[in-house]
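The next block holds one structure in the form of structure tokens; read it before the comments.
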Amino acid sequence: MPHRTDLRSVLASVAPGTELREGLQRILRGRTGALVVIGHDKQVDALSTGGFALDVPFSATGMRELAKMDGAIILDAAAQRIVRAAVHLVPDPKIPTTESGTRHRTADRVARQTGAPVISVSASMHTIAVYVGDVRHVLEEPAAILGRADQAIQTLERYRHRLDEVADALTALEIEDLATVRDVAQVAQRLEMVGRIAREIDTYVLELGVEGRLLALQLDELVSGVQTERELLIRDYMPRGRRSRTTREVLADVEAVDATDLVDLGRIARALRIGSEDTLDAALSPRGHRLMSRVPRIPPTVGQRVVDHFGSLQKLLAATVEELTAVDGVGDLRARTLREGLSRLADSTILDRYV
């Protein structure tokens, strides 16, 4: 079976600022073209004829000079050594491909057949294309990527603002015991939207390499706490039973929702297993994980035991200091901290909602 290589790791290895990207840019500027295979194993060897063995340290200048000759350049899997050069690659001609040029067809078929990443530098089209499995990705100039990334960041800022609004509204409704399937689905929907935009921007960060550091900082700030919020929301409302799913399984179901269906709250509710289009206005009661996570100076393990002990947010909010002390790991001081923290959160949340 061909070994599988993640496109993200390949993009990181050819990002601006890397030695490999510098070598590819030199080839592009020299207008000679090239075919580069990243990974040397028995499968790649089986498709290789001719050429000569080198096994020398990789350098951008060395790859540029070797590209002046006909044939492919084969690097090791880490792209740290040039293993062979001037190699003629003969992949299976029966492998389907939509590429038109000889070099591009060869790159596509070798990538599909071996699983090794293959890079094709086109002198005529002035492009660098990366082939990983059945995926073709054309590398772009940093300026073009930055333009799209800036637009994506602005979109993410708007979506994060809206997420904070619906999340705060859900918290207020939970405290008043008025939450519905619709309210929970809206928060899950916004969390997933933010996550998808963030993953797109993360790809831009990879492609930009050293030039994407500022973008990476902006992204980290905008998605701070989002993953934790997703898990806490699911743990608050996930149905219990012998066939209940894990948090990871529910997250996977939500992530599998098609982009066109993401606007459908009923579809989100079905993925969460909390309802459907016909039950969006049905009442739901949270367990209290989200609110408990906001109480300062309470370790997550202790918070988990407290939530499990009381079973619902309303019982937790009504608990006395004595009742909180009865939970394993909660002493008198921590019980008072919990009681005061929950009361302050409830009061401030309701106040913000109606002021």
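Below is a table of values for the structure above.
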quantity	calculated
Total residues in region 131-147, condition in contact (Cβ under 8 Å) with a residue 12 or more places away in the chain, surrounded by fewer than 14 Cβ atoms within 10 Å (Cβ to Cβ) and either in the same structural domain as Ile234 (by TED's automatic domain parsing) or at positive phi (or both)	0
Selected residue (criterion: surrounded by the fewest Cβ atoms within 10 Å (Cβ to Cβ)) from residues of region 236-267 that are farther than 24 Å from Leu291 by Cα and more than 23 Å from the chain's Cα centre (by Cα)	Arg242
Hits in region 325-344 (condition: buried (at least 17 other Cβ atoms within 10 Å of the Cβ), over 24 Å from Leu173 (Cβ atoms) and not polar (S, T, N, Q))	Val327, Val330, Arg334, Ala335
Number of positions in region 210-254 that are in contact with a helix residue (DSSP H, G or I) (Cβ under 7 Å, 6 or more places away or on another chain) and not in a loop (DSSP other than H, G, I, E, B)	22
Region 132-142, residues that are closer than 12 Å to Glu207 by Cβ and of a type in the set (A, V, I, L, M, F, W, C)	Val138, Leu139
Residues of region 285-308 that turn out to be in contact (Cβ under 8 Å) with a residue 24 or more places away in the chain and crowded, with 20+ Cβ neighbours inside 10 Å, as a count	8
Test for Val14: is it over 30 Å from Glu211 (Cβ atoms), in contact with a helix residue (DSSP H, G or I) (Cβ under 7 Å, 6 or more places away or on another chain) and either in contact (Cβ under 8 Å) with a residue 40 or more places away in the chain or not polar (S, T, N, Q) (or both)	no
Which listed residue is surrounded by fewer than 14 Cβ atoms within 10 Å (Cβ to Cβ) and farther than 19 Å from Leu24 by Cα, from Thr97, Thr114, Thr61, Thr49	Thr49
Cβ pairs under 7 Å, 6+ apart, first in region 87-114 and more than 21 Å from Asp41 (Cα to Cα), second part of a helix (DSSP H, G or I)	Thr97/Arg105; Thr97/Asp108; Thr97/Arg109; Glu99/Arg105; Glu99/Asp108
Criterion (within 18 Å of Asp352 (Cβ to Cβ), touching an Asp or Glu at 6+ places or on another chain (Cβ under 7 Å), in a helix (DSSP H, G or I) and at pLDDT 95 or above) met by exactly one of Leu170, Leu191	Leu170
Residue match in region 218-234 (condition: of a type outside the set (D, E, K, R), more than 30 Å from Asp308 (Cα to Cα) and without any contact (Cβ under 8 Å) to a residue 12 or more places away in the chain)	no
Tally, over region 64-81, of residues that are touching a helix residue (DSSP H, G or I) at 6+ places or on another chain (Cβ under 9 Å), under 19 Å from Thr106 (Cβ atoms) and surrounded by fewer than 16 Cβ atoms within 10 Å (Cβ to Cβ)	1
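Every residue, every condition in (1) under 30 Å from Ala143 (Cβ atoms); (2) touching a Lys or Arg at 6+ places or on another chain (Cβ under 7 Å), yes or no:
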{"position": "Ala198", "(1), (2)": "yes, no"}
{"position": "Leu217", "(1), (2)": "yes, no"}
{"position": "Gln227", "(1), (2)": "no, no"}
{"position": "Asp253", "(1), (2)": "no, no"}
{"position": "Val257", "(1), (2)": "no, yes"}
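The values are calculated or read from the model by the stated rules, or taken from the named source; none is laboratory data. None of the values given here were measured: they were computed from a predicted structure. Positions of Cβ are backbone-derived with ideal geometry, glycine not excepted, and every protein chain shown enters the neighbour counts.
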